[in-house]
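Step one of this worksheet: look at the structure below.
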Amino acid sequence: YLTSTAQSNADVSYWMSDGGSMGSADGNYIFSDGGTFDVVQTVVSPYGCVATATAEVVVNGTIFFAPSAFTPDGDHINDVWKPSALGVTEYHIDIYNHWGQLIWWTDDPNQPWLGEVQGGSHFVQDGMYTWRVRYRDLVGFRHAETGTVQIIR
């Protein structure tokens, strides 16, 4: 939310470095993504005097969501497990079996798990598996989360 302290009879507009703008003195603006952005306010007085002010805004636009189950049975419905990881600059996920052995991993947030052991030599049995993800958001903060995923065929 942007609020101007300029006089009410001044013309106020904003330009954002994500390409957007706002033509009113006060109001909501939604950035297109997470990251660091410049906001430039331009104020024109009733006498034609122009002033600008620039500020930097940090927006953490990270989203991480991992489904709790999938059904890799070849019916093309819910056949892969692929967490959603948006707004991350670094990413690593590990999957462990119920004995705590690492069975699969990736550094690519777009690579789904098909239910195979790393290297694809065979597929795991139905059951519950633990995952651990570590990622860095666009602002540079590190995150770590854990959860479980169930395979049902």
Suppose we filter TYR129, TYR135, TYR96 for residues that are of a type in the set (Ser, Thr, Tyr) and open to solvent by 30 Å² or more (accessible area, probe 1.4 Å); which single one remains? TYR96
Counting only residues that are assigned to a strand (DSSP E or B), without any contact (Cβ under 8 Å) to a residue 60 or more places away in the chain and surrounded by 15 or more Cβ atoms within 10 Å (Cβ to Cβ), how many does region 60-91 have? 3
Note: among VAL39, VAL44, VAL57, just one is open to solvent by 40 Å² or more (accessible area, probe 1.4 Å), under 24 Å from SER8 (Cα atoms) and in contact with a strand residue (DSSP E or B) (Cβ under 9 Å, 6 or more places away or on another chain), namely VAL44
Select, from VAL80, VAL88, the only residue that is modelled with pLDDT under 95 and closer than 29 Å to ASP33 by Cα. VAL88
Members of region 66-77 found to be of a type outside the set (Val, Ile, Thr) and modelled with pLDDT of 95 or more, listed by number: ALA66, PRO67, SER68, ALA69, PHE70
Anything in region 22-52 that is polar (S, T, N, Q) and under 30 Å from ARG136 (Cβ atoms)? List them, or say none. ASN28, SER32, THR36
Which residues, taken from region 25-43, are out of contact with any Phe, Trp or Tyr (no Cβ under 9 Å at 6 or more places or on another chain) and in a strand (DSSP E or B)? GLY35, THR36, VAL43
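The values are calculated or read from the model by the stated rules, or taken from the named source; none is laboratory data. Every value quoted in this text rests on a predicted model; they were computed, and no experiment measured them. With ideal geometry, Cβ positions are generated from the backbone for all residues, glycine too; neighbour counts draw on all protein chains shown. These accessible areas exclude ligands, DNA and RNA; they are computed on the full protein's heavy atoms, side chains included. Shrake-Rupley method; radii C 1.70, N 1.55, O 1.52, S 1.80 Å.
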